[in-house]
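Undergrad: Got a structure for you, written out below as structure tokens; questions coming shortly.
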Amino acid sequence: QVQLVESGGGLVQPGGSLTLSCTASGIILSDYNMGWYRQAPGNQRELVARLSSVGLPAYADSVKGRFNIFRGSANNMMYLRIDSLKPDDTATYYCNKVDGAAFPWGQGTQVIVSS
């Protein structure tokens, strides 16, 4: 059974940084095109960063230059480094596939950017 667990969120001041983690069980992350999504209150979930199975990253225009998606050396870890955080980055962040049927969604990790 596939399980995705996100962690690493928190309360951060504008301009700060965070690294979010996605821990997967039941799958090997490099077998799939994966991504990080976020959902702000009252908004739809949006894909902000993706990493292909062969390791090619891509980003939404709104986060280019500030977000960095990468996999860890272990087959079950994926990360999202966020720099120069803005209040608009406040959301719950999730990891999941970017094509085909989604895996069961995790609980997400909340990022709050506020002074």
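The values are calculated or read from the model by the stated rules, or taken from the named source; none is laboratory data. The structure displayed is predicted, hence computed values, not measured ones. All Cβ positions, even for glycine, are placed from backbone atoms using ideal geometry, and neighbour counts span all protein chains on display. Ligands, DNA and RNA are excluded from the accessible area calculation, which covers all protein heavy atoms including side chains. Shrake-Rupley method; radii C 1.70, N 1.55, O 1.52, S 1.80 Å.
Undergrad: Between L85, L56, L51, which is open to solvent by less than 50 Å² (accessible area, probe 1.4 Å), over 17 Å from E6 (Cα atoms), aliphatic (A, V, I, L, M) and at pLDDT 95 or above?
TA: Every option except L85 fails the conditions.
Undergrad: Answer yes or no: is there a residue in segment 61-74 that is open to solvent by 40 Å² or more (accessible area, probe 1.4 Å) and touching a Lys or Arg at 6+ places or on another chain (Cβ under 7 Å).
TA: Yes, there is a match, as at least one residue in segment 61-74 is open to solvent by 40 Å² or more (accessible area, probe 1.4 Å) and touching a Lys or Arg at 6+ places or on another chain (Cβ under 7 Å).
Undergrad: Could you figure out which of (1) modelled with pLDDT of 95 or more; (2) under 15 Å from A102 (Cα atoms); (3) open to solvent by 20 Å² or more (accessible area, probe 1.4 Å); (4) not hydrophobic (A, V, I, L, M, F, W, C) isn't true of Q1?
TA: Only one criterion in (1) modelled with pLDDT of 95 or more; (2) under 15 Å from A102 (Cα atoms); (3) open to solvent by 20 Å² or more (accessible area, probe 1.4 Å); (4) not hydrophobic (A, V, I, L, M, F, W, C) is unmet by Q1, namely (1).
Undergrad: Right, here's the next one. Run A102 past the list (1) open to solvent by 20 Å² or more (accessible area, probe 1.4 Å); (2) modelled with pLDDT of 95 or more; (3) of a type outside the set (K, R) and report the number of the one that doesn't hold.
TA: It fails just one condition, (2).
Undergrad: Also, quick follow-up: Would you tally the residues in segment 65-115 being over 23 Å from G42 (Cα atoms) and without any contact (Cβ under 8 Å) to a residue 60 or more places away in the chain?
TA: 15
Undergrad: In addition: Taking only segment 38-92 into account, find how many residues are closer than 21 Å to S114 by Cβ and not hydrophobic (A, V, I, L, M, F, W, C).
TA: Number of matching residues: 17.
Undergrad: If you don't mind, there's one more thing I want to ask. Taking the conditions exactly as written (of a type outside the set (A, V, I, L, M), farther than 15 Å from Q110 by Cβ and free of Cβ contacts under 8 Å to residues at least 24 places away in the same chain), does N33 satisfy them or not?
TA: Criteria not met by N33.
Undergrad: Every residue in segment 24-48 that is of a type in the set (V, I, T) and open to solvent by 60 Å² or more (accessible area, probe 1.4 Å), please.
TA: I28
Undergrad: If A58 satisfies all but one of (1) in a loop (DSSP other than H, G, I, E, B); (2) without any contact (Cβ under 8 Å) to a residue 12 or more places away in the chain, what's the number of the condition it fails?
TA: Only one criterion in (1) in a loop (DSSP other than H, G, I, E, B); (2) without any contact (Cβ under 8 Å) to a residue 12 or more places away in the chain is unmet by A58, namely (1).
Undergrad: Looking only at segment 93-115, filter to residues that are in a strand (DSSP E or B) and aliphatic (A, V, I, L, M); which one of those is farthest from T23 (Cα to Cα)?
TA: For segment 93-115, the residue satisfying everything is V113.
Undergrad: Within segment 70-92, track down each residue that is in a strand (DSSP E or B) and of a type in the set (K, R).
TA: Scanning segment 70-92 gives R71, R81.
Undergrad: Suppose the filter is open to solvent by less than 60 Å² (accessible area, probe 1.4 Å), within 24 Å of Q1 (Cβ to Cβ), touching a strand residue (DSSP E or B) at 6+ places or on another chain (Cβ under 8 Å) and touching a residue at least 40 places away in the same chain (Cβ under 8 Å); does G16 pass it?
TA: So G16 fails the test.
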